[in-house]
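One structure below.
The values are calculated or read from the model by the stated rules, or taken from the named source; none is laboratory data. Quick caveat: nothing in here was measured; it's all calculated off a predicted structure. Heads up, the Cβs are rebuilt from the backbone with ideal geometry, glycines too, and the neighbour counts pull from every protein chain shown.
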């Protein structure tokens, strides 16, 4: 997941953003969704980029967090123009709890996380390993990132599987994917015109594994999220 720089200690920031989702689902156009941009950090509690929780350990090199986070993946059958796809069940945005560890070095930030669905949508688990590096010049910051995400079979079946009941209804082949690894690349560009205002745009591209892209639900082999917005720091 592409992340933006966190707030400083005892900071609150508010703003607006728009996220564009390019999904792999068959005959489903890209969707743009407005989002609130909220950031909070008081040295113990935090909320940033759709993830909030508390720091178990935090110093200049190491950070270990417990968090609740939003999984933005979703599927609304009515968004597709394909009549078979429109017969499938809705797949909702997820909420997961997990642990995340970040090591900050001169070569960049290295992070790992492990999380599990907590609202009984998928009952699935995901893990991720990622690297990012911040390049700064004056008021500009450029952050390239790369990572790989593992989703277990329950997670992949929720978002990309087709049950026997759905197969009978839609005449699509039944599909029960197993666990799989999804590599991704990300890039964020930030500009701070003042001490309190931050504007940004970020993009994340992921190459779908065979277990996902061969699903009869899909007609693309990749997915992407593009987010742009601004935030204002109050404290």
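Summary table below
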{"quantity": "Condition check for residue 111: touching a helix residue (DSSP H, G or I) at 6+ places or on another chain (Cβ under 8 Å), surrounded by 19 or more Cβ atoms within 10 Å (Cβ to Cβ) and assigned to a strand (DSSP E or B)", "calculated": "no"}
{"quantity": "The lone exception for residue 73 - which of (1) in contact with a helix residue (DSSP H, G or I) (Cβ under 9 Å, 6 or more places away or on another chain); (2) closer than 14 Å to residue 217 by Cβ; (3) modelled with pLDDT of 95 or more it fails", "calculated": "(3)"}
{"quantity": "The listed residue being at pLDDT 95 or above, over 16 Å from the mean Cα position of the chain (by Cα) and closer than 24 Å to residue 202 by Cα, out of 64, 103", "calculated": "103"}
{"quantity": "Residues of the stretch 174-186 that turn out to be in a loop (DSSP other than H, G, I, E, B) and in contact with a strand residue (DSSP E or B) (Cβ under 7 Å, 6 or more places away or on another chain), as a count", "calculated": "2"}
{"quantity": "Count of residues meeting criterion [in a helix (DSSP H, G or I), without any contact (Cβ under 8 Å) to a residue 40 or more places away in the chain and touching a strand residue (DSSP E or B) at 6+ places or on another chain (Cβ under 9 Å)] in the stretch 143-168", "calculated": "5"}
{"quantity": "Criterion violated by residue 205 - all others in (1) touching a residue at least 24 places away in the same chain (Cβ under 8 Å); (2) surrounded by 14 or more Cβ atoms within 10 Å (Cβ to Cβ); (3) assigned to a strand (DSSP E or B) satisfied", "calculated": "(1)"}
{"quantity": "Residue list for the stretch 116-142, filter: over 16 Å from the mean Cα position of the chain (by Cα) and in a strand (DSSP E or B)", "calculated": "135, 136, 137, 140, 141, 142"}
